[in-house]
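Below you'll find the structure, written out as C-alpha cells, and then a few comments.
Nothing in this text is a laboratory measurement; each read-out follows from the coordinates by a stated rule. It should be emphasised that the depicted structure is a prediction, and the values quoted were computed from it without experimental measurement. All Cβ positions, even for glycine, are placed from backbone atoms using ideal geometry, and neighbour counts span all protein chains on display.
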Ligand SMILES: [Ca+2]
Ligand SMILES: [Ca+2]
C-alpha cells in the first residue's frame, strides 16, 4: 500500500476536519444574523432618540418664547450622547393651514391644464414670498407665528456600527428621520393670504 493510499484512508477516518467545516457552516450565518440584528437595533435606538427629542422640542416650541436657535440647541442637547458620530439636521417650516402642510401652495387653475401657470392662475401665497411655491419650498422657514402649524423634521445621518456594508452590499451610512406637525398657541391674530396673480 502506498503512502498516498494510507493518507487517503486516514483522512476518510478523521472526522475532526468535517466537524470544523460543519461548525463554520452554522456559525457564519449565525454571526451575520447577529450583526444584522445589532445594526437594526442601533438604528431603532437612534430613531427612538430622534423622535423623543423632537416631541420634547416641539412641545416647548408651541408654548412660545422659544427662538428657532433655542429649539435647535435643545434637540442637539437631547441627542448629545451619540452626536459625535451622528450628523443631526433640523428643519422647521410653518404653515397657516393644516391642508397646506407638505403640499404645493394652492392655486386656481384658470386654464384647466392641471399645472400652475405664472400670470394666468391666481395663487395663495401662504409663505408670503411673492411667488407660487411647490411642496418643496412651500411654507415659511422657522417657527411661524400664532396659530401657525409647524412641520418639524429631524434627520440623523450616522455610520453603521457593524462592518456589513461591503459584505452585504449596504451603504456605509444610515439615515433616520422623524417628523411632527404641531400648532402654535393662539396668542395673536393670524391673516390668511388672498388669491393673487
Ligand atoms: Ca393652469
Ligand atoms: Ca409663496
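Structural remarks
- The angle between the Cα long axis of helix 3-13 and the longest principal axis of the Cα atoms of the chain comes to about 50 degrees, rounded to the nearest 10.
- When you restrict to C-alpha pairs under 8 Å that are six or more residues apart and normalise by the size of the chain, the relative contact order lands at 26 percent.
- Relative contact order (%) - segment 75-183, alpha-carbon pairs under 8 angstrom, separation at least six: 31
- Point-to-point label distance, residue 31-residue 195, nm (Cα→Cβ direction, 7 Å offset): 6.7
- Relative to the longest principal axis of the Cα atoms of the chain, the long axis of helix 68-78 lies at roughly 20 degrees.
- Degrees between helix 16-63 axis and first principal axis of the chain (Cα, 0 to 90, nearest 10): 20
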